[in-house]
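To keep things clear, I will list the structure first and then write my remarks on it.
The values are calculated or read from the model by the stated rules, or taken from the named source; none is laboratory data. Source: prediction; values computed, not measured. Heavy atoms of the whole protein, side chains included, go into the accessibility calculation; ligands, DNA and RNA do not. Shrake-Rupley method; radii C 1.70, N 1.55, O 1.52, S 1.80 Å.
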Amino acid sequence: MKAFGIIKKGKLILNDKRLFQDERSPNRSKEQNSLFWRWVDIISKETGYTKEETKELICYKFLSRDIFDEDHEKTVMIKGTSTLTRKEFKEFMDELLYWSNSTLGINLPYNNE
């Protein structure tokens, strides 16, 4: 069990409010989403694809799963980035960062500045 703070006089005093909020929030953070779109912009400019095409390619590459029905017919399901938890989004971004560098030769900034 994680300890985010202590209780004093019936009130929770947080050690790290941001960490507490990150752990409680089920979805990606605004910062993560902003950085993702910055990366999409960089990759699209380097590859010549539109931002929408680049996002679709990235989501297909990293968030698609093959689903087979009882007749063994395959359907490709692509999970939306807005449904990812902060942890899942971080893992997704780590994979994207590595792929961009190693496969495309595009170095992406790891912060949004």
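In summary, the lysines within cross-link reach of LYS30, defined as a Cα separation below 18 angstrom excluding same-chain residues under 8 places away, comprise LYS17, LYS55, LYS87, LYS90. For ASP41, the accessible surface of its heavy atoms amounts to roughly 40 Å² (probe 1.4 Å, protein chains only, rounded to the nearest 10).
Per-residue ellipticity at 222 nm from helix content only, as computed over the chain with -39500 (n - 2.57) for each DSSP H run of at least four residues, stands at -15000 deg cm²/dmol. In this entry, the chain is assigned a mean projected area of 10.7 nm², taken as a quarter of its C-alpha convex hull surface.
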